Every structure is written in C-alpha cells, then in structure tokens.
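The values are calculated or read from the model by the stated rules, or taken from the named source; none is laboratory data. Predicted model, so just to flag it, every value in this text is computed and none were measured. FYI the Cβ positions are ideal-geometry reconstructions off the backbone, even for glycines, and counts take in every protein chain you see. Ligands, DNA and RNA are stripped out before the accessible areas are found, and what is left, the full protein with its side chains, is counted by its heavy atoms. Shrake-Rupley method; radii C 1.70, N 1.55, O 1.52, S 1.80 Å.
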Amino acid sequence: MGGEFLKRPQVREEIVRVAEVAAEEHGYEIVEVEITKQQPTRVIITVFRKEGVNIDDCAEISRAINDGIDDDLIQGQYTLEVQSPGLDRPIRTKDDYRRNLGNKVEVHLYKKLNDRKDFIGILTDYGDDTVDIREENGETVTFDSKSISLMRQVIEF
C-alpha cells in the first residue's frame with residue numbers, strides 16, 4: 001500500500017478478502033467481519049465450521065489473516081480477534097439458516113401465529129421469504145422471515 005491510506009470501505013473489503021482466503025484455505029467459512037472505529041482499531045472475525053471451532057482453530061486462522069494483512073492497511077495499532085459464532089448467536093441471514101439446517105431452534109415472532117409467538121423445532125427449510133421448522137409433534141410451521149423477531153439455536157444440556 002506504500003503509505004497511501006485506503007478509505008474505510010476499501011479497508012473493510014481488503015480485510016474481508018484476506019479473511020475469506022485464509023478461512024477457506026483452512027476449511028472454515030467467514031460468518032461476520034466487524035471493524036470498530038475506536039482506537040486501537042479492533043478487527044473481529046467470526047468463523048464457522050460444521051464440526052465446530054476451538055481456540056486452536058481461532059489462533060491458526062488469526063495467524064493466517066494477520067500474515068495476509070498489509071502493514072499499511074490499517075492506520076495505527078489494531079487488534080485482531082477470531083471467534084466462533086457461539087451457540088446463542090441470532091440466526092438472521094440465509095447463510096445462518098443454511099448453517100443451522102437440521103438444528104433445533106427457537107423462534108420468537110413479533111405477532112402471534114396460531115395464538116403463539118414462541119416456537120421450538122428443527123430448522124428444516126428456508127426460502128427467500130420463509131423459514132420452516134418441524135415441531136416435536138411432527139407438524140411443520142412456516143414463518144414469514146420478516147415476522148421473526150429472534151431465532152437462535154436451542155442449547156440443551
């Protein structure tokens with residue numbers, strides 16, 4: 001980059017590009033990239049792998065991403081954090097739906113559907129505007145995506 005600093009959107013695009021390459025090379029998928037405006041800048045990258053992500057995985061990917069970031073890309077000092085999505089992370093995007101297919105989820109609605117606002121079941125399908133879960137009684141419930149106030153994986157012990 002040779003001393004010429006990029007604007008924030010260009011910095012973000014370059015960090016996402018480097019992170020995606022590093023994650024893919026190690027068998028992971030990027031879920032989210034967050035770059036804070038505070039100083040020092042914090043770059044927080046959330047990665048996913050069906051088998052799970054442990055602390056050693058995070059360290060491995062962090063090193064690969066850090067090695068790929070040009071020294072002049074981020075002005076001043078920065079910290080790089082690589083993390084797993086966490087079980088309680090909200091399910092919001094189509095990629096989140098895809099990653100959680102077959103998992104038990106809880107769904108909370110803005111307005112009642114069949115006299116209920118809360119549902120639990122297996123995420124079985126999703127489309128452009130809909131999400132399907134199969135409840136314990138075997139019944140499939142279809143939700144309009146915009147009606148969902150919160151969806152997340154159910155944590156059972």
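Subtract the Cα-Cα distance of T93 and K111 from 0.36 nm times their separation in residues, and report this length gain in nm to one decimal. Don't jump to the answer; show the numbers that get you there.
Numbers: separation 18, 0.36 × 18 = 6.48 nm, distance 2.03 nm.
Gain on extension, T93 to K111, equals 4.5 nm.
Spread over its residues, the convex hull of the C-alpha atoms of region 9-83 is 78 Å³ per residue. Summary value for region 50-152: 23 percent relative contact order, contacts being C-alpha pairs under 8 angstrom separated by 6+ residues.
Placing +1 on the Cβ of every Lys and Arg and -1 on the Cβ of every Asp and Glu, with nothing else charged, gives region 1-142 a dipole about its Cα centre of roughly 580 debye. When the Cα positions of A64, P40, V11 are compared along the charge dipole of region 9-83, P40 comes out farthest toward the positive end, with charges on each C-beta of Lys, Arg, Asp and Glu.
If a spin label sat at a point 7 angstrom from the Cα of T130 along the line to its beta carbon, the backbone N atoms of region 90-106 nearer than 18 Å would be those of 94, 97-98, 101-102.
Using a probe radius of 1.4 angstrom, the carbon and sulfur fraction of the accessible surface of the chain is 45%. Considering only DSSP beta bridges with both partners in region 1-139, what is the antiparallel share in %, to the nearest 5? Of those bridges, close to 75 percent are antiparallel. Taking amide hydrogens as placed 1.01 Å from N in the peptide plane, the amide H of L150 sits under 5 Å from those of H108, each at least 5 positions away in sequence or on another chain.
Find the accessible area per residue for region 94-153; the probe is 1.4 Å, ligands and nucleic acids are left out, and the unit is Å². Don't skip to the end; give the middle numbers.
Working: 3590 Å² over 60 residues.
Roughly 60 Å² per residue, with all protein chains present.
Each part gets one Cα centre, and for region 6-62 versus region 84-157 those centres are 26 Å apart.
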